[in-house]
Every structure is written in structure tokens, then in C-alpha cells.
Amino acid sequence: MDSDTFDILRSTVRRFVEERLIPAEDRVEHDDAVPEDIIADMRNLGLFGLSVPEAYGGIGLSMSEEAAIVRELTRASVVFRSVIGTTVGIGSQGIVIDGTDEQKQQWLPRLAAGEAVASFALTEPGSGSDAASLKTVAVRDGDHYRITGTKRYITNAPRADVFTLMARSEPEIKGAHGVSAFIVPATTPGITLGKIDKKMGQKGSQTCDVIFDDCRVPANAIIGGKPGQGFKTAMKVLDRGRIHIGAVALGMSDRLIEMSLRYAMDRNQFGQSISNFQLVQAMLADSKTEALAIEALLESVAGKFDRGEPVSLEAAALKYFSSEAVGRIADRAVQVHGGAGYMTEYKVERFYRDIRLLRIYEGTSQIQQLIIAREMIRAERQ
Ligand code: COS
């Protein structure tokens, strides 16, 4: 996108965050739902189509541009980002990265327009970090497959129109190579949703189980048309998703630091502003330093991704560092606010709970460490 158009998009999102999203945060928390009129505004702004190429009706941002927009968006509660998150990211990117032209034509324009919501169905009751051990089966039946299994903690499943679903289609091949990625419309007979999960935070972002009971889908629903490639597709989607999460961590860090600084400068104790005290300054300085480090790493990894360089190690490092750092930044924000930081009225306690998930979803910190070390060892062996 040319830089003038991009600047307009960025300032529009910034204004939307200030004028519409931040004022609606308490309502979202209270109602445990993002209001429909806000979702409609997000649709009209084109936010569902950020990552879909222009040829398929999206805005077609580069990873660096997407990161900058997501950073703006997540200065408001991360729950708003979740509305578009699976459609922009993990739910659609399998089709964008590995889909056939026909699959792209069929799904991407609707996803980009926000007319259809996509969810990513990988995790199962017995398979989380060890994604290749998934048990959902897709049994060949003529020119169709019959899918049976349960997917767990599926973000946006209650709103989803289509699932990118990983299932074992090659029963004789154990592990990653027996898995295919399927595009499964939510209206397919045999799909039922579990009850909506009750969570520590991120109220308004909905997750639930999705149960597939003998769901019949055509064989051409396999992403890319080739069975056995689904695990790789999922891993590529997650590499990219982890860069996106780095941008979420940065946006929330910006907000938490703003709140901490403002509170420290307004609050008086011992006859003066607490921002005069060096122990408070140390907390502000540590948070700012960590946010700058996330920013630098995000720019470098997103840039590498845009140049087509391999980024598995760097994306894992960014996701690991940024999600841990924003956890520390949120913890300091509570501390700077003192007693007020523990009260729901001031929102930092809510953000503290909301961002705890960043260290878990799209691969735990421990999985990121494992990927980083594996890639290091692999490179040294070559
Ligand atoms: N890009 C492309 N291909 C990849 C890849 C990547 N980032 N990572 C792995 N692969 C390929 C490997 O090259 C291998 O294929 P070949 O044998 O042809 O080389 C295949 O996928 C299997 O990879 P690997 O042997 O590394 O698989 P493991 O079972 O050891 O698992 C981890 C790898 C642990 C990294 C993976 O299971 C993972 O990311 N788990 C976390 C899942 C997750 O993030 N869940 C969150 C919920 S989804 S929001």
C-alpha cells in the first residue's frame, strides 16, 4: 500500500480506537460481548480484510503494515482485536498461503468483507502443544471425507462461518505427515458447538468446543488439494500468527505504559507526585525499555517476513519475548497504581488478566523456546 493511503488508514484506526473502542471497554467487559454496531464499524473500516490480497477483495497489507495497524488497534482492550483476529490471521491464512486459486476465489472475498468469520481448529482435548498428535479423523468416502472429532478452545467458533480444520486423513501415517487441513463451512451437517468457555479474562472474546460428528466434506476442501500437507500449513500459519501476537503485545504495552505514566504523574503521596520518586521511575523506565525492545524486534521480524526470508526462529523469539514482556509491563502497571491497580475501576487489573493469555495461545512460551533452540541446533548441523 502506498504510504499516504497507509497513513490515512492508520490515523483512521487511531481515531476509531479513541472515539469508539476505548469508551466501549467497560460495556464489553460487563456484557461479555462486543456490541454489533462496533463489529459493523470494523467491517466498514475494512479491518477484516487487512491480510487478504487486493486481488481477492482485501486491503493486502504487508506484515509490517499489518503489525502497525494491530498495534494501534490493541491500544484498546485486546478483545476488540479478537473479533477480527481469527479471520485476519490463523483462520484465513491457510487459504492465503497454501490454498488453490479456486479456494481463494470462493472464500477470501467474503472473509475480507467481514461477511464470513473464519476460525482455526487445531487444538483438541488431548492435543495442544503436541499438535501433531491430533486425533480428529477424516475418512475417505469416494470423492468426500467424513470428519469426526472434537476441537477445543476455538476462538470465535460461536460466530464462525468457516473452520480451517486439521484432521488425520492418512490413517497409516503417524504424526505430522498424516494430517490435512480442510475448509469446513460451519453449516455442514454434524457440527455442534459446546457451551461457551468461562475464562480468566478477555471477556467478550468467545471460545468453545466444536464437535464434528461424521461431517461430510468434498475432497477438494483440502487446502491446496494435496492430502498430508495440513500440519505444515498450520505451522506456517502459526509462524505468521506469532508476529501478529508481537504487535498485540506492543499495542497493549503502549496502553499500559500510558496509563501508568498518567497515574504516576497525577497521584500525590508524601506531598508530591509519585512520579518524582525514583523507585516509581524505575518501573516506568523498565516498562518503556521493554516496549522499545518489542518494537525493534517486531519491525525486524516483520521486515524479514516481508522480504520472504525464513522467520520460524525469529517469530518464536518475538512471540516469546513480547508476551513475557507485556506480562511484566502489566504487572508493573498494577504496582504503579497501588491499591487502585487492584480495583476493577482502573482497568489495569483487567488488562493484566487479559494479556496473560498471550503467553499461552498460538504456542506457549515453552513451545517458543523449543522452536528457537531446535532451529539453532538445526542451523549449526548444516
Ligand atoms: N513451517 C513449515 N513447516 C514446518 C514448520 C514451519 N514453521 N514447523 C515444522 N514444519 C514441518 C517440519 O519441517 C516437518 O516436516 P518434514 O518432516 O517434511 O521436514 C513437519 O512439519 C513436522 O515438524 P516437527 O517434526 O518439527 O513437528 P513436531 O511434532 O516435533 O512439533 C512443534 C513441532 C512443537 C513446534 C509444533 O507441534 C507446535 O508448534 N506446537 C504448538 C502448537 C500451537 O501453537 N498450538 C496453539 C494452538 S493453535 S492457536
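Of the trypsin sites (Lys or Arg not before Pro) found in the stretch 131-229, the ones in coil according to DSSP and having at most 11 other Cβ atoms within 10 Å of their Cβ are LYS174, LYS195, LYS198. Quarter the surface of the alpha carbon convex hull of the stretch 232-381 and you get the mean projected area, 9.9 square nanometres. The magnitude of the dipole of the chain, with charges of +1 and -1 set on the Cβ of Lys/Arg and Asp/Glu and taken from the Cα centre, is near 880 debye. The calculated P(r) of the stretch 118-228, using every Cα pair and 10 Å bins from 0, goes 16, 49, 28, 6, 0 in percent. Can you classify the stretch 77-159 as rounded, prolate or oblate using the Cα gyration tensor, where a ≥ b ≥ c are the square roots of its eigenvalues, rounded means a/c under 1.5, and otherwise it's prolate if a/b beats b/c and oblate if not? Taking the square roots of the gyration eigenvalues as a ≥ b ≥ c, the stretch 77-159 is oblate. Full extension of the chain between THR364 and THR192 gives 59.2 nm of extra length, using 0.36 nm per residue less the Cα-Cα distance.
If you run the Gaussian network model on the chain, springs between alpha carbon atoms under 10 Å, then out of GLY194, GLY224, GLY94 the most flexible one is GLY194. Shape index of the chain: Rg/Rh, with Rg the Cα radius of gyration and Rh the Kirkwood radius from the inverse mean 1/r over Cα pairs, equals 0.99.
Cross-link partners for LYS288 among the lysines, with Cα-Cα distance under 22 Å and sequence neighbours closer than 8 places in the same chain left out: LYS319, LYS347. Which longest run of the chain has no exposed loop site in it, a site being GluC sites (Glu not before Pro) in a DSSP loop with at most 12 other beta carbons within 10 Å, and the site itself not part of the run? That would be 173-382. When you restrict to C-alpha pairs under 8 Å that are six or more residues apart and normalise by the size of the chain, the relative contact order lands at 15 percent.
When the chain is treated as a Gaussian network with alpha carbon springs shorter than 10 Å, the biggest mean-square fluctuation among ALA157, ALA176, ALA121 belongs to ALA176. Working from label points 7 Å from Cα in the Cα-to-Cβ sense, the LEU279 to SER3 distance is 4.6 nm. Within the chain, the longest segment free of exposed loop sites, counting chymotrypsin sites (Phe, Trp or Tyr not before Pro) that fall outside DSSP classes H, G, I, E and B and have at most 14 other Cβ atoms within 10 Å, spans 1-269. Please work out the C-alpha center-to-center distance from the stretch 240-288 to the stretch 101-161 and express it in whole Å. If we compute the Cα centre of each part, the gap is 39 Å. Only lysine pairs 8 or more places apart, or on different chains, with alpha-carbon atoms under 21 angstrom apart are counted in the stretch 118-228, and they number 10. What's the center-to-center distance, using Cα atoms, between the stretch 314-331 and the stretch 22-57 in Å? Between the Cα centres of the stretch 314-331 and the stretch 22-57 lies a distance of 25 Å. In plain terms, if you count all Cα to Cα distances in the stretch 3-112 and split them into 10 Å steps from zero, the share in each step is 14, 46, 30, 9, 0 percent.
Taken together, the values in this text are just the output of simple stated rules run on the coordinates, not laboratory data. What you see is a predicted model; the values in this text were computed from it and never measured. Please note: Cβ atoms are built from the backbone with ideal geometry, for glycine as well, and neighbour counts cover all protein chains shown.
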